[in-house]
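Data first, discussion second: the structure below is written as structure tokens.
The values are calculated or read from the model by the stated rules, or taken from the named source; none is laboratory data. Since the model is a prediction, treat every value here as computed from it, not as a measurement. Here the Cβ positions follow ideal geometry from the backbone for every residue, glycine too, while neighbour counts run over all protein chains shown.
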């Protein structure tokens, strides 16, 4: 077995940008490699851009902050990896205009992910970058679904597994842009998700242990 993680850092960077939709240079650095100098992350992102896997926009109103996102080729490549299976990004994830228009909310969600990641690291708990899954689709029946800003997996307790517990949480990031009616509807949808039991294909809807 070859003991070399060839391209491991590049792979994680592309996987994070594909799963998170976008991130600034600083956010990407803090997610994937906070223990090294940020110049290494800048070089990594530049290399991935040269290879056609990621691209960037500049937000002039935010001090000319660079925001990175995956290209269609990058999304296609990352989607073939085992750790990314079942995580389908938005169809507009590689569109520069969509990235610019969604940057305010999506970058705030990424900053929220960092709060959880950094807290886990401080306490020696297990919460990896890809344990944060934005916009995970959860059906609630009748063709409807709950789509939280993110789904978080977090193993609380020592990272070696002793006396630890697995946690799963839905995360909603409030930027005071949602009216009270929409907020109430979202809370109702979560209540429906809590009660929802999927119907097994070929099983009558009124069979014990099923629901819709």
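Data table
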| read-out | value |
| --- | --- |
| When residues of the stretch 63-94 are limited to those that are free of Cβ contacts under 8 Å to residues at least 12 places away in the same chain and outside any loop (DSSP other than H, G, I, E, B), the one surrounded by the most Cβ atoms within 10 Å (Cβ to Cβ) | 76 |
| Residue check for residue 103: under 21 Å from residue 24 (Cα atoms) and either touching a helix residue (DSSP H, G or I) at 6+ places or on another chain (Cβ under 6 Å) or surrounded by 14 or more Cβ atoms within 10 Å (Cβ to Cβ) (or both) | yes |
| Leading residue by the ranking (farthest from residue 117 (Cα to Cα)) among those in the stretch 169-181 that are surrounded by 10 or more Cβ atoms within 10 Å (Cβ to Cβ) and without any contact (Cβ under 8 Å) to a residue 40 or more places away in the chain | 178 |
| Selection within the stretch 47-56 - under 15 Å from residue 23 (Cβ atoms) and surrounded by fewer than 16 Cβ atoms within 10 Å (Cβ to Cβ) | 49 |
| The listed residue being over 15 Å from the mean Cα position of the chain (by Cα) and closer than 22 Å to residue 134 by Cα, out of 45, 12, 107, 17 | 45 |
| Residue within the stretch 10-31 that is surrounded by fewer than 20 Cβ atoms within 10 Å (Cβ to Cβ) and modelled with pLDDT under 95 present | no |
| Odd one out for residue 52 among (1) within 23 Å of residue 26 (Cβ to Cβ); (2) more than 19 Å from the chain's Cα centre (by Cα) | (1) |
| Number of the exception - residue 37 against (1) touching a helix residue (DSSP H, G or I) at 6+ places or on another chain (Cβ under 8 Å); (2) farther than 22 Å from residue 97 by Cα; (3) without any contact (Cβ under 8 Å) to a residue 60 or more places away in the chain | (1) |
| Qualifying residue in the stretch 43-53 (condition: modelled with pLDDT of 95 or more, outside any helix (DSSP H, G or I) and closer than 24 Å to residue 127 by Cβ) | no |
| Options 110, 97: the member that is under 23 Å from residue 18 (Cα atoms) and free of Cβ contacts under 8 Å to residues at least 40 places away in the same chain | 97 |
